[in-house]
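Colleague: Let me give you the structure first, and then I'll get to my questions.
The values are calculated or read from the model by the stated rules, or taken from the named source; none is laboratory data. Everything numeric here is computed off the predicted structure, so don't read it as measured data. Here the Cβ is made from the backbone with ideal geometry for all residues, glycine too, and neighbour counts use every protein chain on show.
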Amino acid sequence: MFACLLIPDFPVQAALLLEPKDTREVLGRSPIAVLDGPTNLLKVVALNDAARNVGVKIGMTKLQVETCDGVSLRNRIAVNEESAQDALLDCAATFSPCIESTCPGTVILNLAGTEKLFGSPEKTACKIAVYARQIGFHLRIAIAANPDAALYAARGFLGITIIPEGDEAKELAPLPVGILPTTPELLEVLESWGIHTFRSLAALPTIALVERLGQEGLKLQKLAQGHLARPLLAVESAPKFVESHEFDDPVETLESLAFILNRLLQQVCARLVSHSLATNELRLTLDLEVREVQNGKTGEQYRHEWKLPVPTQDRNMLFTLARLELERNTFSAPIQKLTIEAVPIKPRIAQGNLFAPPTPEGEKLEITLARIRGVVGNTDAAGINCVGSPKLLNTHEPNAFAVQTFSSATEKHDLSAGSPGIALRIFRPALETSVELADETPHFVRLWKKHRRVLAASGPWCSSGSWWNSAVWSREEWDVALKTFDGIGYYRIYLDRLRKQWFVEGVFD
């Protein structure tokens, strides 16, 4: 058996998909018309039943529709319909692995082998309808023994239709021939013969029909009889977790942007959950309004990417991160289009400790870091990241490190048993000092405003680097034992050979 899922008035339902559930239900019962075409000649391309009842028709201009009281107008946006089609495919994938994206607003799925999971065709259709309502779709569902019989039953009948095998011609008989895939010229010929329904077309003599209309007429008759069997063109591409919204009028306020952003993230996370996936990388793209300049038109684009320490499906956490980032930025023009992309990954599976207090969640840590970035910024004057996890660099330069984003991956270190090491407590900043040399060896070091005799000295150790750019450094290090009031102390001193200045870097424990 094959099931066809059809979204009636698809552009209308796609336009309402971003609305909150309560608002969407109210708007769905009110007259809505979708406009498309040139800006100076917008025409109605889709409408719902409530709009038909007040006299709106396909092809009416915007001015004509505005004469009808209470009709809400929406501009047709391709990216919204693409997102709605992806959501419909995800809905179908919950019930079958073999799916065909037949046309916008319509998918067909093979139900073979799903009886033990979902029950009879009637129960399966009801479960599909309930699941689609949770997403925001009102579907027509038809189940038949071949894909095309299910397709035309969904196009011709409301609600849920179940066609038993062998009864296709009987059940499809009252449908109009206008829903068949035919040309206007061929449809005019059929109407001139008095053929208006599937029943009339199916009853024509096959040989005489082929003599007059050729193979195209034979195909239409088989469709009317429900006898045309074909394999599904299954969707094989990997799902993309991308949601976009193009505003009818560019937005300038954060509240308007946050409302749509929240809805897009809700859809992305719902699709991740339906595929048993999570994300650890989120990408935000904002297309700014195109402006007229002297040399033509120009439009800027803002992009930001979050690499999360742990995979997540938490929409609230992702929304908080995105909102904090948007609050820190100002844009040169209103925002025309918003795009959210989540990179899928397997979800995190973690077992809590039964005998230890719970540790803070990784999601809360990322939000805390985002708030800190809002205060101190992302980078310092030297271009180094300010917030994150420190990482040693592959260099001999002292105090050289970088700041990277936190990661849930744990690094393994070989902690072989051995004698404890000596700790060097660094003075930050290093203490400026003066050193007296004897035979090019430190003899006296000024420390804490007094000259200290050097009892022993080890060195020098010379190092340098970055000679190819402005960050060049060069130093000469000594480890010395100094006589102090508290006894003998062990210190590290060095000479900055570029500045010709001595420093006390730290003391050994």
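Colleague: For region 137-154, indicate whether the set of residues that are surrounded by fewer than 17 Cβ atoms within 10 Å (Cβ to Cβ), assigned to a helix (DSSP H, G or I) and of a type outside the set (Asp, Glu) is non-empty.
Modeller: Looking through region 137-154, none of the residues is surrounded by fewer than 17 Cβ atoms within 10 Å (Cβ to Cβ), assigned to a helix (DSSP H, G or I) and of a type outside the set (Asp, Glu).
Colleague: Right, something else. Name the one entry in 292, 363 that is of a type in the set (D, E, K, R), surrounded by fewer than 12 Cβ atoms within 10 Å (Cβ to Cβ), out of contact with any Leu (no Cβ under 6 Å at 6 or more places or on another chain) and modelled with pLDDT under 75.
Modeller: 292
Colleague: List pairs: first residue in region 433-447 and under 19 Å from residue 484 (Cα atoms), second residue of a type in the set (Ser, Thr, Tyr) and assigned to a strand (DSSP E or B) anywhere in the structure, Cβ distance under 9 angstrom, at least six positions apart or on different chains.
Modeller: Qualifying pairs under 9 Å: 445/433; 445/491; 446/433; 447/433; 447/484; 447/491.
Colleague: Please work out if residue 32 is surrounded by 14 or more Cβ atoms within 10 Å (Cβ to Cβ) and in contact with a His (Cβ under 9 Å, 6 or more places away or on another chain).
Modeller: Values: surrounded by 14 or more Cβ atoms within 10 Å (Cβ to Cβ): yes; in contact with a His (Cβ under 9 Å, 6 or more places away or on another chain): no.
When the stated conditions are applied, residue 32 does not pass them.
Colleague: Follow-up. Hey, could you check region 300-346 for residues that are part of a strand (DSSP E or B) and without any contact (Cβ under 8 Å) to a residue 24 or more places away in the chain and say which is farthest from residue 266 (Cα to Cα)? Reasoning before the result, please.
Modeller: Of region 300-346, the ones part of a strand (DSSP E or B) are 301-312, 335-345.
From what is left, the residues that are without any contact (Cβ under 8 Å) to a residue 24 or more places away in the chain are 301, 303-304.
On the way: 301: 23, 303: 20, 304: 19 Å.
Filtering region 300-346 for residues that are part of a strand (DSSP E or B) and without any contact (Cβ under 8 Å) to a residue 24 or more places away in the chain, the one farthest from residue 266 (Cα to Cα) comes out as 301.
Colleague: Also, quick follow-up: Say we look at region 192-208 and pick out the residues that are touching a residue at least 12 places away in the same chain (Cβ under 8 Å) and surrounded by fewer than 15 Cβ atoms within 10 Å (Cβ to Cβ); which of these is nearest to residue 178 (Cα to Cα)?
Modeller: 196
Colleague: What residue, among those in region 98-108 that are hydrophobic (A, V, I, L, M, F, W, C) and outside any loop (DSSP other than H, G, I, E, B), is farthest from residue 131 (Cα to Cα)?
Modeller: First pass over region 98-108, keeping only residues hydrophobic (A, V, I, L, M, F, W, C): 98-99, 103, 107-108.
Going one step further and asking which of them are outside any loop (DSSP other than H, G, I, E, B), we end up with 99, 103, 107-108.
Values: 99: 17, 103: 21, 107: 15, 108: 16 Å.
Across region 98-108, the extreme among qualifying residues is 103.
Colleague: Something else: Could you tell me which of the residues 123, 170 is outside any loop (DSSP other than H, G, I, E, B), assigned by TED's automatic domain parsing to the domain that holds residue 99 and surrounded by fewer than 19 Cβ atoms within 10 Å (Cβ to Cβ)?
Modeller: After applying the criteria, what remains is 123.
Colleague: Do we find that residue 282 is at pLDDT 85 or above, surrounded by 13 or more Cβ atoms within 10 Å (Cβ to Cβ) and not acidic (Asp, Glu) in this structure? Reasoning before the result, please.
Modeller: On the way: at pLDDT 85 or above: yes; surrounded by 13 or more Cβ atoms within 10 Å (Cβ to Cβ): yes; not acidic (Asp, Glu): yes.
For residue 282, the condition - at pLDDT 85 or above, surrounded by 13 or more Cβ atoms within 10 Å (Cβ to Cβ) and not acidic (Asp, Glu) - is met.
Colleague: Going by the structure shown, is residue 70 small (Gly, Ala, Ser) and free of Cβ contacts under 8 Å to residues at least 40 places away in the same chain?
Modeller: Values: small (Gly, Ala, Ser): yes; free of Cβ contacts under 8 Å to residues at least 40 places away in the same chain: no.
Spelling it out, it is not the case that residue 70 is small (Gly, Ala, Ser) and free of Cβ contacts under 8 Å to residues at least 40 places away in the same chain.
Colleague: Out of (1) closer than 11 Å to residue 4 by Cα; (2) surrounded by 22 or more Cβ atoms within 10 Å (Cβ to Cβ), the odd one out for residue 163 is which?
Modeller: For residue 163, the failing item is (1).
Colleague: Follow-up question, since we're still on this one. Quick check on my filter: what residues within region 1-29 are outside any helix (DSSP H, G or I) and at pLDDT below 90?
Modeller: 1, 17, 18, 19, 20, listed by residue number.
Colleague: Considering only residues of region 174-188 that are closer than 25 Å to residue 129 by Cα and either touching a strand residue (DSSP E or B) at 6+ places or on another chain (Cβ under 8 Å) or aromatic (Phe, Trp, Tyr) (or both), which is surrounded by the most Cβ atoms within 10 Å (Cβ to Cβ)?
Modeller: In this case the residue turns out to be 175.
Residues are listed down the side, and each one gets a yes or a no for (1) free of Cβ contacts under 8 Å to residues at least 40 places away in the same chain; (2) in contact with a Pro (Cβ under 8 Å, 6 or more places away or on another chain); (3) part of a strand (DSSP E or B):
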{"site": "224", "(1), (2), (3)": "no, no, no"}
{"site": "231", "(1), (2), (3)": "yes, no, no"}
{"site": "259", "(1), (2), (3)": "yes, no, no"}
{"site": "265", "(1), (2), (3)": "no, no, no"}
{"site": "276", "(1), (2), (3)": "no, yes, no"}
{"site": "283", "(1), (2), (3)": "no, no, yes"}
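Colleague: Turning to a different aspect of this structure: Can you name the residue in region 444-465 that is among the small types (Gly, Ala, Ser) and touching a Ser or Thr at 6+ places or on another chain (Cβ under 8 Å) and, of all such residues, is nearest to residue 506 (Cα to Cα)?
Modeller: My answer is 457.
Colleague: Please give the number of the condition residue 109 fails out of (1) out of contact with any helix residue (DSSP H, G or I) (no Cβ under 6 Å at 6 or more places or on another chain); (2) surrounded by 19 or more Cβ atoms within 10 Å (Cβ to Cβ).
Modeller: (1)
Colleague: So which residues in region 471-509 are free of Cβ contacts under 8 Å to residues at least 12 places away in the same chain and either closer than 18 Å to residue 454 by Cβ or crowded, with 17+ Cβ neighbours inside 10 Å (or both), if there are any at all? Spell out the reasoning first.
Modeller: To start, the set of residues in region 471-509 that are free of Cβ contacts under 8 Å to residues at least 12 places away in the same chain comprises 471, 485-487, 499-500.
Passing the criteria: 485, 486, 487.
Colleague: For residues that are loosely packed, with under 15 Cβ neighbours inside 10 Å, modelled with pLDDT of 85 or more and closer than 28 Å to residue 108 by Cα, tally how many sit in region 234-275.
Modeller: The qualifying residues number 1.
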